[in-house]
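Engineer: This is the structure, below, for whatever I ask next.
The values are calculated or read from the model by the stated rules, or taken from the named source; none is laboratory data. Computed from a prediction, not measured in an experiment: that's the story for all the values here. No Cβ is skipped: glycine too gets one built from the backbone with ideal geometry, and neighbour counts run over all protein chains shown.
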Amino acid sequence: MVAGRGVEATSGGAKWRLGSASWCGAVGESSGTVWISKDGVPLAHFAFEDAVRANARAAVSALSDLRLPVRLISGDAVDPVPIGSLP
């Protein structure tokens, strides 16, 4: 993890990055957009909203019931988002 930029991993000899447009080699950037790149070539971008959906708690519970790992990704904040913030 690189604070303020994103995360990086190596798999199959390729360097993967998930984070800001500039760090992933893309041109232009907008708030709430995350890019993914492979070996410095941007592949796709994703837009996220700040609002927590009304069904978030039920969705997390359903995934947990299936014994699937659940991770919450929340911007550049150091502190994790408390699970109590889900509606």
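Engineer: Search the stretch 38-87 for residues being farther than 18 Å from residue 3 by Cβ, acidic (Asp, Glu) and in a loop (DSSP other than H, G, I, E, B), and hand back the single one that is modelled with the highest pLDDT.
Structural biologist: Ranking the qualifying residues of the stretch 38-87, first place goes to 39.
Engineer: Cβ-Cβ below 9 Å, separation at least six or inter-chain, first residue in the stretch 7-25 and over 10 Å from residue 37 (Cα atoms), second surrounded by fewer than 16 Cβ atoms within 10 Å (Cβ to Cβ) and hydrophobic (A, V, I, L, M, F, W, C): which pairs?
Structural biologist: Listed by first residue and then by second, the contacts come to 7/1.
Engineer: Across the stretch 3-37, what is the total count of residues that are part of a strand (DSSP E or B) and either of a type in the set (Gly, Ala, Ser) or more than 16 Å from the chain's Cα centre (by Cα) (or both)?
Structural biologist: Of the residues in the stretch 3-37, 8 are part of a strand (DSSP E or B) and either of a type in the set (Gly, Ala, Ser) or more than 16 Å from the chain's Cα centre (by Cα) (or both).
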